[in-house]
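Accompanying notes for the structure given below.
The values are calculated or read from the model by the stated rules, or taken from the named source; none is laboratory data. Since we're looking at a predicted model, the values are computed, not measured. Cβ coordinates were reconstructed from backbone atoms using ideal geometry, including for glycine residues, and neighbour counts include every protein chain displayed.
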Amino acid sequence: MTQRSKKAKARTARPAPVSPKKKSKLSFFVEAVEELKKARWPTRYEAARLSALVLVVCVVIGGILGAIDYGFTKLLSVLFLRG
């Protein structure tokens with residue numbers, strides 16, 4: 001056998017290991033709660049600051065899109081209704 005065929009043979013895909021015991025549906029929720037306890041939650045100050053930031057960004061983007069919409073509305077009304 002050549003080196004190439006040995007490497008190709010060694011790299012054959014194996015099926016994923018199957019859990020011998022089926023988990024209960026309740027275990028999903030237990031594991032989810034355990035993972036949520038591991039998470040690093042923001043402080044009240046961080047949550048308030050980031051919420052305010054999201055609100056400001058939404059208002060700014062809304063204003064920009066509103067101005068663009070208003071501009072296109074005026075432009076199209078000039079071109080099609082008065083032209």
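Conditions tested, residue by residue: (1) among the aliphatic types (A, V, I, L, M); (2) in contact (Cβ under 8 Å) with a residue 60 or more places away in the chain; (3) in contact with a helix residue (DSSP H, G or I) (Cβ under 9 Å, 6 or more places away or on another chain); (4) surrounded by 10 or more Cβ atoms within 10 Å (Cβ to Cβ).
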residue	(1), (2), (3), (4)
Phe29	no, no, no, yes
Lys37	no, no, no, no
Ala48	yes, no, no, yes
Ala52	yes, no, no, yes
Leu55	yes, no, no, yes
Ile61	yes, no, no, yes
Leu65	yes, no, no, yes
Lys74	no, no, no, yes
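Residues Lys7, Lys22: which one is at pLDDT below 95, part of a helix (DSSP H, G or I) and loosely packed, with under 10 Cβ neighbours inside 10 Å?
Just one listed residue meets the conditions, Lys7.
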